1. Restricting attention to the stretch 417-431, does a residue exist that is open to solvent by less than 20 Å² (accessible area, probe 1.4 Å) and either under 19 Å from L317 (Cα atoms) or among the charged types (D, E, K, R) (or both)?
2. For residues in the stretch 237-251 being of a type outside the set (A, V, I, L, M) and within 23 Å of the chain's Cα centre (by Cα), which is surrounded by the most Cβ atoms within 10 Å (Cβ to Cβ)?
3. Kindly provide the set of residues from the stretch 227-268 that are over 20 Å from L147 (Cβ atoms) and among the small types (G, A, S), ordered by number.
4. For the stretch 359-385: of the residues being open to solvent by less than 40 Å² (accessible area, probe 1.4 Å), of a type outside the set (S, T, N, Q) and within 38 Å of the chain's Cα centre (by Cα), which is farthest from G414 (Cα to Cα)?
5. Within the group T274, T257, which residue is within 20 Å of A394 (Cβ to Cβ) and hydroxyl-bearing (S, T, Y)?
6. Among the helices (runs of 4 or more DSSP H) contained in the stretch 173-266, which hold 1 or more residues that are without any contact (Cβ under 8 Å) to a residue 12 or more places away in the chain and over 20 Å from N137 (Cβ atoms)?
7. Taking the stretch 332-358, which residues are loosely packed, with under 14 Cβ neighbours inside 10 Å and either at positive phi or among the basic types (K, R) (or both)?
8. Only one of these is open to solvent by 50 Å² or more (accessible area, probe 1.4 Å), among the charged types (D, E, K, R), out of contact with any Gly (no Cβ under 8 Å at 6 or more places or on another chain) and assigned to a loop (DSSP other than H, G, I, E, B): E276, E321. Name it.
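The values are calculated or read from the model by the stated rules, or taken from the named source; none is laboratory data. On a predicted model such as this, the values are computed, not experimentally measured, just so you know. Cβ placement follows ideal geometry from the backbone for every residue including glycine, while neighbour counts extend to all protein chains displayed. SASA here: full protein model, heavy atoms, side chains in, ligands and nucleic acids out. Shrake-Rupley method; radii C 1.70, N 1.55, O 1.52, S 1.80 Å.
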Amino acid sequence: MMTERIKQFIESQRLLPDKEGLCLVALSGGADSVCLLLVLLQLGYRVEAVHCNFKLRGEESNRDELFVEDLCHRLHVPLHKAHFDTQAYAQLHHVSIEMAARQLRYKYFEQLRADLGAQAVCVAHHQDDSVETILMNLVRGTGLRGLTGIKPRLGHVVRPLLCVSRHDIISWLESRGQTYVIDSSNLVPNVVRNKLRLLVMPQLQAISLSAQDNILATARRLAEAQKVLDAAVRQQLAALVDADGIDIARLLCQPSTELLLFEWLTPYGFSPATIEDITIRLPQAQAGRQWHSASHLLAVHRGRLLLSPLPQPVPVLRIPEPGNYVVGTTRLSLKLLEGRIIKRQNHIASLDADRVAFPLTLRPVEAGDRFHPYGMKGTKLVSDYLTDRHVPPAQKLSQQVLTDACGHILWLVGHRPDARFCIHDTTVRTLQVIYVGRLGGVVV
């Protein structure tokens, strides 16, 4: 009996541990979601329905909403509804219509779940959906995890119907005389999933009547293999990764550099293509080589791969005269002092006041910046100076300089002042500059 199978699946996967707890059911009005709602009611769960109208199919969308309203009224099930301008959302966020609908749907589900204190959001994915997902991932390119199918649980989203097929669902509804609506957009092979469902799966089943069952069986075996692999990778990464990165020589000695990089870097937004590029280039990568994700920087530094968050944009601060200035989390204090006052601290610069031309500017380092480091002969590119001092790449990106009215660098902040503007034997007034912010990863 299908209901019993679903009951056992829910219990074995611990999807809905508390029958008294509220369950939200994503109810489109289609066969799958109608079946899910009825089964959960039959099993004694406390449920409320959620319907999203994406305004994509004109009168058909309105028809679905009316059907859901009528069904919930007859079943005495509370119904929550949301209307979305999916087209506008897709254009605004530069995503496909399918992705826009998905993002809107799940964001609404989670917000409603949290507001109502529900234990889970139940969605009606079944075995056919899982097979289609496996094939989609295979066609697009995937790793082992992408071939394991749809998971029964993802956060608070659970899928109690993954133990049954679409054929099982339709047969069960027909045996009860239960109607449902049909989404006509699912009958047109115009997107990848529809093409797989309408064109590819019938061909596979013509080759073997057990094609779907065999694909699911393979996915289950791969899921078990993934568990073993995950445990081994976690153990290797724990031995390799320290606070900020990985020793490259040790990484290259591992059986699969790419797999370790994938598991390490994917949570930080690095794409498979970028990780493949890192793997290829890493054996010959020179110091300073960098790769970026949207949020993080990975760089080769002193024989290591260093991973760090991308620094926030460095602000530009104009300083017309001595005084106290604040921009963002940075505070700069400039004081005129009589005599030769020298304090040897990284966050303080002591300059000859009569050699400094206001207004000053605190800004990020720019390509080609050059200065004369105090205590050294001649000038040096700031980038070379930082490299010689083994400054980590992420800190280089946030490095600041203090310049005068002519654009001359007075101080490489946190490092050295320019020798031409330092305290000398003839200095009669000191311009003391105190920087309060973050230097070298340390708040000062």
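1. Yes, because at least one residue in the stretch 417-431 is open to solvent by less than 20 Å² (accessible area, probe 1.4 Å) and either under 19 Å from L317 (Cα atoms) or among the charged types (D, E, K, R) (or both).
2. Once the filter is applied, the top-ranked residue is G245.
3. A238, A239, A243, G245, A249
4. Here the residue is D369.
5. Criteria check complete, one pass: T274.
6. Ranges flagged: 201-207, 211-240, 248-252.
7. G339, K343, R344
8. Only one candidate passes the filter, namely E321.
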